[in-house]
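Report on the following structure.
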Amino acid sequence: MISLFPRFRANAPFRRLFVAAALTGSATALLMQGEAAAQPAQKPKPAAAKPAATAAATPAASAGQGQAMLLETAGKWQAFSSQQGRSKVCYALSKAETRLPANLKDIEGLLFVSSRPGEGVRNEISFVMNFDVKEGVEHQAIIGNERFALVAKGQNMWLKNPAEEPRMLDALRKGSGLEIKGTSKRGNPTSDKYSLAGISQIVKRAEDACK
């Protein structure tokens, strides 16, 4: 199952927002076979990390949750928005084109750039790995010559230094590809590669939807 979404301001409704649009029509490129659709991975508050991680493991499809709406598709990216009561979340989403080792090829890696205006969160970068990642060590995001340290909780990863998000987003917009080098909970090296084709257009669309 998918382990779910973004930063220290955990928000229970958004941990369970689902991308229903990703299961229909033009969004088939992001199908999660047999699974409820994806949502960004929200960082738990440090004092409540364990409960937040448990809540994040709840299946995304749940009665009464806001349904995500597909806003736009460009290249390998899609923009979505979802409303839960007065709270709104908008995000750009892409999936890894290749994964190593080979036993991960049927498990999708996901990259989100998310905004939650009600919490003052804008363009938060997060990764849903869908396998258990080693905690307490640095993982790495590589965009051309740029490198960014990542940290993990459960099956999710974020920038170690959130202040680097604007610089990383700028590198993503200018780059052609992204590689995530990680270590699984078992200690095995992993690699995910993403295309950045369409990211600038889609991130802007998600931004505009959550102004």
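Assorted remarks:
- The stretch 90-99 - phi-based ³J(HN,Hα) in whole Hz, Karplus 6.51/-1.76/1.60, Gly and Pro as x: 10, 7, 9, 9, 9, 10, 4, 7, 9, 9
- Counted charge near Ala149, where neighbours are those whose Cβ lies closer than 10 Å (Asp, Glu -1; Lys, Arg +1): 0
- Estimated Rh, the stretch 136-211: Kirkwood, alpha-carbon pairs, angstrom: 13.4 Å
- For Lys88, nonlocal amide neighbours, meaning residues 5 or more places apart or on other chains whose placed amide H falls under 5 Å from its own, are Gly118.
- Value in Å of the Kirkwood radius, where the stretch 89-195 supplies the Cα pairs that are averaged: 14.0 Å
Rule-based calculations on the coordinates, nothing more; no lab input. Everything quoted here is computed from the prediction, not taken from an experiment. Don't worry about glycine lacking a Cβ; one is built from the backbone with ideal geometry, like all the others, and counts go over all protein chains shown.
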